[in-house]
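Q: Got a structure here, written out as structure tokens. Questions coming.
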Amino acid sequence: FDDRGVLILFTQGTYGETLLQEAEFPAGVSAWERIEVGTGAVIAMNGAHQLYEVPTGPSFGLASSQHRIVRTDGGSDWSDFSLGGTVGLALAPDGRLFSWGSNQEGQLGNSGPSTPASKPGEVRMPDGVTAWIAMVAGES
């Protein structure tokens, strides 16, 4: 994004030319503070620590004209996030970790293999762990 907090997308035109396009903001958002890019998806955080899936074409089940706030039943406040390939991770302020995305190999940690998730689901903590403090999503 640029110094105004506007996300600039590089897209390909009809004849293969590179085009620059400003991504629209969802209602109530005037700037992004952080973005991460995965395979076919962009996740952005605003100053209120809300995460949005930003449309860049069909990804994570979004039409190209939609923004979707990333939320759980507990709300939409996040302390950190990471996007790797087709998997998103988000850390809640209370230390709970959530994941969503393709889950082709069971990498979400909250359901069986091959069960994709369009909404964040809580990742079970190992025995003896009371909070996650950091995470990173990657791509194999």
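The values are calculated or read from the model by the stated rules, or taken from the named source; none is laboratory data. All figures in this text were calculated on a predicted structure; none of them were measured in a lab. Cβ: placed from backbone, ideal geometry, glycine included. Neighbour counts: every protein chain shown.
Q: State all residues of region 84-104 that are aromatic (Phe, Trp, Tyr) and more than 14 Å from the chain's Cα centre (by Cα); if no residue qualifies, say none.
A: none
Q: Now a separate question. Looking at the structure I just gave you, is ILE35 more than 18 Å from MET135 (Cα to Cα), of a type in the set (Val, Ile, Thr), surrounded by fewer than 18 Cβ atoms within 10 Å (Cβ to Cβ) and modelled with pLDDT of 70 or more?
A: no
Q: Against the condition at pLDDT below 85 and in contact with a Gly (Cβ under 7 Å, 6 or more places away or on another chain), how does GLY57 come out, does it pass?
A: In short, yes.
Q: Does region 1-19 hold any residues that are farther than 17 Å from ALA41 by Cα and either touching a residue at least 12 places away in the same chain (Cβ under 8 Å) or part of a strand (DSSP E or B) (or both), and which are they?
A: ARG4, GLY5, THR18, LEU19
Q: Identify, from the list GLY13, GLY40, the residue that is closer than 25 Å to SER99 by Cα and at pLDDT below 80.
A: GLY40
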